[in-house]
1. Can you give me the Cα centroid spacing of the stretch 93-133 and the stretch 63-78 in angstrom?
2. Highest mean first, how do 229-236, 198-205 rank when packing is the count of other Cβ atoms within 10 Å averaged over residues?
3. Based on the mean of other Cβ atoms within 10 Å per residue, sort peptides 41-50, 56-65 so the most packed one is first.
4. If R₀ is 45 angstrom, what is the calculated FRET efficiency for the pair F150 and F241, using the beta carbon separation as r and rounding to 0.05?
5. Counting only other residues whose beta carbon sits under 12 Å from that of I99, what net charge do I get with K and R as +1, D and E as -1?
6. Please state the equivalent ellipsoid semi-axes for the stretch 247-350: what are the square roots of 5 times the Cα gyration tensor eigenvalues, largest first, in whole Å?
7. Taking the Cβ of V26 as the center, what net charge do the other residues with Cβ under 14 Å away carry, scoring Lys and Arg +1 and Asp and Glu -1?
8. When the chain is fully extended, how far beyond the present Cα-Cα distance does V58 get from T334, taking 0.36 nm per residue of separation?
Amino acid sequence: MYMSSELGFSKTQIGLVLGCFGLGAVCGSWLGGWLTDRFGNFKVQAISLMAVIPLFLVLPAFTTFEGLAPMIFLLSVVADTFRPANSVSVARYAKPENITRAYSLNRMAVNLGFSIGPALGGFLATISYHWIFYGNAIAAGLACIVFIYFFKNRKPNVTTKETSEDTKKEKNAYRDGLFIIFNILCCLFSMAFFQLLSTLPLFYKDVYRLDSTQIGLLLGFSGFVIVVFEMVLVHFVEHRFTVRQIMVWGTAITSIAYFMLNIDFGLIWLYMSMFILSTGEMLTLPFMATISIKRAGLHNQGAYMGFNSLAFAAANIVSPYLGTYLAEHYGYFTLWTVAGSLLLLASGGFQFVITKMKI
């Protein structure tokens with residue numbers, strides 16, 4: 001909206017800038033994993049939070065396409081180095097038996113921010129679009145202060161001591177065949193799931209003629225469901241089912257939500273579909289992080305979490321384009337059928353690869 005109404009960019013230019021954002025996320029995910037294994041998760045998180053502050057502050061000065069695109073790429077690289085380091089720190093500070101619940105708690109915090117952020121951003125935009133960037137700089141500064149205060153001298157819960165011989169036996173994340181397959185499946189899952197953020201709102205608008213308020217409520221309902229139910233659901237399933245079973249069924253449940261969109265039973269049906277989509281998300285995303293951290297050794301957790309983050313970032317680049325292309329040229333029925341089928345394919349793939357990984 002900022003690039004369209006304030007800067008007057010064309011749709012092609014907007015798409016390219018957003019592509020720079022996604023490409024930066026891919027590079028940042030890899031870089032964050034690499035840096036974490038060499039300098040530790042605390043330093044990487046602190047430096048990332050500090051480094052994005054000046055970038056947000058100067059961003060309003062770049063008003064041309066040629067200036068904004070590389071700045072968005074740089075901002076995304078710096079910001080996304082935080083993610084792998086943050087994922088590793090969750091594993092380091094949580095007790096081994098609580099890792100999945102710890103990732104769920106981390107996701108709950110993200111979803112709370114996702115619920116508040118757009119509304120706050122909309123309010124700031126009524127004052128000036130520049131205040132969105134200034135607000136982000138302030139938020140990053142506050143997060144940095146709180147993070148350093150609580151974690152500067154805090155020792156992680158390292159429960160296993162590995163010898164130098166153990167370190168030599170650790171796999172390279174980018175040469176671990178089964179983990180590569182696992183991340184490809186995560187990417188396929190994300191390509192379908194991320195339609196939630198791109199084509200699904202357009203579907204609500206074009207087919208059901210919902211206004212922006214109704215669409216906002218539907219999307220907000222997803223965040224509400226996750227915040228209220230995820231910790232309870234994860235606690236219920238993690239000791240009753242294997243990780244493989246949870247991943248397989250969670251992905252299959254997500255596919256049902258998209259297939260439901262091909263049937264028109266009104267607004268309540270859309271809320272039911274969103275509830276099922278959120279349930280599938282709650283059953284899969286926390287356990288993806290758990291599988292990644294358990295596959296890693298003590299000294300290459302950053303690389304494994306970075307590779308897993310990279311799978312999501314890569315999906316975020318191609319997902320909006322593929323989704324809008326299918327919707328525009330073949331219709332929403334085809335889009336939801338393809339998305340649901342892709343998730344069923346991923347579900348079968350998880351059945352195979354997680355069995356082989358013996359997690």
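1. Cα centroid of the stretch 93-133 versus Cα centroid of the stretch 63-78: 23 Å apart.
2. Highest-to-lowest ranking by the protection proxy: 198-205, 229-236.
3. Top of the packing list down: 41-50, 56-65.
4. The pair F150/F241 has a calculated efficiency of 0.85.
5. Details: positive: R92, K95, R101, K294; negative: E97, E238.
So the surrounding residues net to +2.
6. 29, 17, 11
7. 0
8. Details: separation 276, 0.36 × 276 = 99.36 nm, distance 4.27 nm.
Extra length from V58 to T334 when fully extended: 95.1 nm.
FYI, it's all coordinate maths here, none of it is from the lab. None of these values were measured; they are calculated from a predicted model. Note that each Cβ is placed from the backbone with ideal geometry, even for glycine, and that neighbours are counted across all protein chains shown.
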